[in-house]
Every structure is written in C-alpha cells, then in structure tokens.
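The values are calculated or read from the model by the stated rules, or taken from the named source; none is laboratory data. Keep in mind it's a predicted model, so treat the numbers as computed, not measured. Reconstructed Cβ throughout: ideal geometry from the backbone, glycine too, with neighbour counts over all protein chains shown. When the accessible area is computed, the model is the full protein with side chains, heavy atoms only, and any ligands, DNA or RNA have been set aside. Shrake-Rupley method; radii C 1.70, N 1.55, O 1.52, S 1.80 Å.
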Amino acid sequence: PRSILQWNVGSHRDISHESLSLFRLLEPRVEILVLGTGDRVERLHPAMLKQMRECGIAVEVQDTPNACATFNFLMSEKRMVAAGLIPP
C-alpha cells in the first residue's frame, strides 16, 4: 500500500504507454493515477488515457504541486491511488 518506486520519466514528453505500464502492474490494484506534469498542466495523448481507463484506472493530470495535494487528499479518503510526479 505504501511504496515509492523509481519512475524513469524526466518530462511530460517521456510519458508513454510503456512508462504507464508500471501503474497497471501495482498490487493492490490502483483505481486512480494522479500525474503531476511539472510547473504546468500538460496534455497527454488521448490514446494513453483511454488505455488506462480500459484497465480500470482513472487518470488525473495536474501540475505537480496540485497533483501532490490531490494525492494526499485521496490517500486520506483511503482510496487506492498512485502518483507519477515530475518535479517542477
């Protein structure tokens, strides 16, 4: 339930089907993935978001400071949440 893993992503351009596969493998299963894309919200390719939804994982894309706050809020609600965070 509480793990920190190295996510080999340096910027939002590095987010791909392959890099998101990490979150599909986690146990217990993640229901929400919060992605922090740095200083600002960056658009991700719709096909990547669709693939995650098809796996039962909702994706919320935010700037990293807000993604951290969202992650903490969802954790306080005991939700099965993961965060992929790119430093601002």
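For this structure, a couple of remarks:
- Residue in region 49-64 that is closer than 16 Å to Arg2 by Cβ and surrounded by fewer than 17 Cβ atoms within 10 Å (Cβ to Cβ) present: no
- Complete set of residues in region 54-79 that are within 21 Å of Pro28 (Cβ to Cβ) and more than 12 Å from the chain's Cα centre (by Cα): Glu54, Cys55, Gly56, Asn72, Phe73, Leu74, Met75, Ser76, Glu77, Lys78, Arg79
- Of all residues in region 10-48, exactly one satisfies the criterion of being open to solvent by 50 Å² or more (accessible area, probe 1.4 Å), modelled with pLDDT of 95 or more and under 12 Å from the mean Cα position of the chain (by Cα), namely Glu31.
- Output for region 23-59, where each listed residue is free of Cβ contacts under 8 Å to residues at least 40 places away in the same chain and touching a strand residue (DSSP E or B) at 6+ places or on another chain (Cβ under 9 Å): Val41, Glu42, Arg43, Leu44, Met48, Leu49, Met52, Arg53, Ile57, Ala58, Val59
- Every listed requirement among (1) exposed (fewer than 13 other Cβ atoms within 10 Å of the Cβ); (2) within 14 Å of Ile86 (Cβ to Cβ); (3) β-branched (Val, Ile, Thr) is met by Ile4 save one, (2).
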